[in-house]
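Colleague: So that we are looking at the same thing, I have put the structure below in structure tokens.
The values are calculated or read from the model by the stated rules, or taken from the named source; none is laboratory data. In this text the structure is predicted, and so the values were computed from the model without any measurement. Glycine also receives a Cβ, built like all others from the backbone with ideal geometry; neighbour counts cover every protein chain displayed.
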Amino acid sequence: MKYVVVLSLLFMGFTVEAKKMSFEEAKAFLVDEKKRVLEEGVPPCRTPQDIAFLIFVAENWGQALTLLEKDAPDRRRQHLILSAAGVLPAQDYVRFIDGACALMESEKIKVPGEIFCFSDFIKEGFWGYNYDLPEVAAVVDRMEAIYKVQEPGRWEGYFSEIKSKEGKQLAIQESKYNGGGTPESYKANSKEVYNALVKEHKELLAEEAKKAKGKIKPESAPKERKTVRIAEEDGSVRITLMDDDPPEDEPVEDNVMSWKLPFVIGTLVISSIAVAWHCFRKKKKCKN
């Protein structure tokens, strides 16, 4: 089915958060201007928050309707909610769309037809394939009545195709042409998309936890401190405790001697040369 093909788009390379998205977090998700429906009506699915939002809608379609009514004043947010509703099992999806129709009939929301009618990428062909069922037909007829008034004449072909005797075969052909199998069945009421979401959620959580564990460095054991003698400039020696690697600005006695010995030798050599030169000059002066 087409929605099975879409799963590969939803779950490639994502990490997810342990905590499920709350209603308030879903509202915050909608506010983010960067969150937009992808090409062809695919719901956003690139970040942990994207996946969490899809799961939120799948588990709380009633609250998703509340978001649509109170927290989606523009096309972008309306489209986010309607496209995410595609992850609902078929019967919940029909109930959700029926609830959205009720909001439009009472003029609580106004959704452009290009968003409302074409937001079913995951369930493409669903209405035509299932129109012979009264539960589905009632919602399609309700949608058609709304857009006859809201956008007269624009959606006649769309609804005519769904309601035609060939509607089911056209839906099957279109779904196959787009790379899927048969559209989703209302009677089957499959929870495959939702179950795949939950499964992927758990797997990615385990992977994320594993990566996080690998980044935590074990605490290093405290270094042994040893007693050393520090040579001071005045010639005195100070006793102190020091790590194995002494600070550069506080050399230990051995390090002090390593530079002090050549200094002393150099001083003696220079002094000897000076004395010899002085004696040579003195002898020369005496001869004259």
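Colleague: Name, by its number, the condition in (1) over 25 Å from Glu39 (Cβ atoms); (2) buried (at least 17 other Cβ atoms within 10 Å of the Cβ) that does not hold for Phe126.
Modeller: Going through (1) over 25 Å from Glu39 (Cβ atoms); (2) buried (at least 17 other Cβ atoms within 10 Å of the Cβ) one by one, Phe126 breaks only (1).
Colleague: Please find, among Tyr194, Tyr186, the residue that is assigned to a helix (DSSP H, G or I), of a type in the set (Phe, Trp, Tyr), out of contact with any Cys (no Cβ under 9 Å at 6 or more places or on another chain) and touching a residue at least 12 places away in the same chain (Cβ under 8 Å).
Modeller: Result: Tyr194 is the single residue among Tyr194, Tyr186 that is assigned to a helix (DSSP H, G or I), of a type in the set (Phe, Trp, Tyr), out of contact with any Cys (no Cβ under 9 Å at 6 or more places or on another chain) and touching a residue at least 12 places away in the same chain (Cβ under 8 Å).
Colleague: Got a sec? Which of Gln91, Gln78 is part of a helix (DSSP H, G or I), farther than 19 Å from Asp32 by Cα and in the same structural domain as Ser190 (by TED's automatic domain parsing)?
Modeller: Gln91
Colleague: Any residue in the range 95-117 that is within 25 Å of the chain's Cα centre (by Cα) and surrounded by fewer than 16 Cβ atoms within 10 Å (Cβ to Cβ)?
Modeller: Checked against the condition, which is being within 25 Å of the chain's Cα centre (by Cα) and surrounded by fewer than 16 Cβ atoms within 10 Å (Cβ to Cβ), the range 95-117 yields no hits at all.
Colleague: With a cut-off of at least 3 residues that are charged (D, E, K, R) and modelled with pLDDT of 95 or more, name the helices (runs of 4 or more DSSP H) lying wholly within the range 105-160.
Modeller: 134-150
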